[in-house]
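Report on one structure; see the data block that follows.
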Amino acid sequence: MAGVKIAAPPAVVLVLGDEELLVTRAVTEAVQAARATDPDADVREYEAGAVSAGEVAEMLSPSLFGGRRLLVLRSGQDARKDLTAALLGYAKQPDPDVTLLVTHAGGAKGKAFADGLRSAGATVVPAAKLKGHRERVAFVRDEFRRAGGRCTDDAAEALLAAVGNDLRELSAACAQLLADTGGRVDAATVARYYRGRAEVSGFTVADAAIIGDVPGALEALRWALHVGVDPVPIADALADGIRTVARVASAGRGSPYQLASSLGMPAWKIERAQRQSRGWSAEGLVDAMHAAARCNADVKGGSDDRDYALERAVVAVAQARRSGGDLR
């Protein structure tokens, strides 16, 4: 737009981490920023371990013809000492018409180079792999925000359960849901779009039964059986879910992170069980455990109709949840 000055991209950018999607996204955004200020920006990309200090110095030196330039150096942890020394010296007084972007895996190798760029004032873009469940939930929610949409925590949890932890698949799923729904996504929306996935598991069935959702649990069960999920892991998941709720409820109130070590469970699993324990009584949990135990015996050889044994157990567990007051 005429008369509007677009802010120049940062002079030095350090993309720190080894999550491929986040690294690729950071590089793409740097290219877009360079070309937003100059459509003819000169963009070059090298592997840091395969380029000499002289080649990089030529790219970073002032140009007689002006214009925006972007130099992307991938795998900065592999740079040789002469190159790291040259780049750290340059980063202290960078050319305002050039963006130097270095990707670095973030480990111990080449750590001094990454630390030096940070100390020189580089803009740091985090790109580490997401290790915790809550980080992945936050990633899903941020994907919707980036595109102007919204999703609840429950919807993010449901999408993770349906799609898995791969960030590329999650990002694609978020984009598809946004395109199809207009931007507002809740758990029911995710269930509607993904209820037919073959990845439905015994845990999907168990989670619905434990919160008293009989229709949802029976629907998930019938689909799981239809796509060939064996009854044994479904029965095991039901028993495991009830035992987990009972253990977490008996531990009393407390932060999931404080209880994690004493219970020997990850904090995200404790947090989920704390939510699921609402509406359960001690007597109801005993009844549910009896139903799960009978179901396990039936599907492992005690019944001629294993599918019916699972349906009966799902209904019994959901009814047990309603049989008494709240544990809290």
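The values are calculated or read from the model by the stated rules, or taken from the named source; none is laboratory data. Please read all numbers here as calculations on a predicted model, not as lab measurements. So basically every Cβ, Gly included, is an ideal-geometry build from the backbone, and we count neighbours across all protein chains shown.
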Listed by first then second residue, the pairs whose first member lies in the range 221-239 and is among the aromatic types (Phe, Trp, Tyr), whose partner is in a loop (DSSP other than H, G, I, E, B), with beta carbons under 9 Å and at least 6 positions apart or on separate chains, are 223/195; 223/196; 223/197; 223/198; 223/200; 223/229
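Output the residue which, of all residues in the range 251-270 that are part of a helix (DSSP H, G or I) and under 21 Å from residue 317 (Cβ atoms), is modelled with the lowest pLDDT.
Narrowing the range 251-270 to residues part of a helix (DSSP H, G or I): 256-263, 267-270.
Then drop every residue that is not under 21 Å from residue 317 (Cβ atoms), which leaves 269-270.
Details: 269: 81, 270: 85.
Only one residue fits best here, namely 269.
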With the first residue restricted to the range 275-299 and required to be assigned by TED's automatic domain parsing to the domain that holds residue 243 and modelled with pLDDT under 90, and the second required to be crowded, with 20+ Cβ neighbours inside 10 Å and hydroxyl-bearing (Ser, Thr, Tyr), Cβ contacts under 9 Å at 6 or more apart or on different chains are 276/244
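The rows are residues; the columns are (1) outside any loop (DSSP other than H, G, I, E, B); (2) modelled with pLDDT under 95; (3) surrounded by fewer than 18 Cβ atoms within 10 Å (Cβ to Cβ).
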position: 29; (1), (2), (3): yes, yes, yes
position: 45; (1), (2), (3): yes, yes, yes
position: 72; (1), (2), (3): yes, yes, no
position: 82; (1), (2), (3): yes, yes, yes
position: 101; (1), (2), (3): yes, no, no
The one condition residue 256 fails out of (1) of a type outside the set (A, V, I, L, M, F, W, C); (2) surrounded by fewer than 18 Cβ atoms within 10 Å (Cβ to Cβ); (3) more than 18 Å from residue 203 (Cα to Cα); (4) free of Cβ contacts under 8 Å to residues at least 24 places away in the same chain is (2)
Residue 111 fails exactly one of (1) buried (at least 18 other Cβ atoms within 10 Å of the Cβ); (2) in contact with a His (Cβ under 9 Å, 6 or more places away or on another chain); (3) closer than 29 Å to residue 91 by Cα, namely (1)
Would you mind stating whether residue 311 is loosely packed, with under 14 Cβ neighbours inside 10 Å and closer than 19 Å to residue 238 by Cβ? no
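Counting just the residues of the range 203-250 that are not in a helix (DSSP H, G or I) and not charged (D, E, K, R), which one comes out surrounded by the fewest Cβ atoms within 10 Å (Cβ to Cβ)? Spell out how you get there, then give the answer.
Here is the first cut: in the range 203-250, the ones not in a helix (DSSP H, G or I) are 211-213, 227-230.
From what is left, the residues that are not charged (D, E, K, R) are 211-212, 227-229.
Details: 211: 19, 212: 17, 227: 12, 228: 7, 229: 21.
By that ranking, first place goes to 228.
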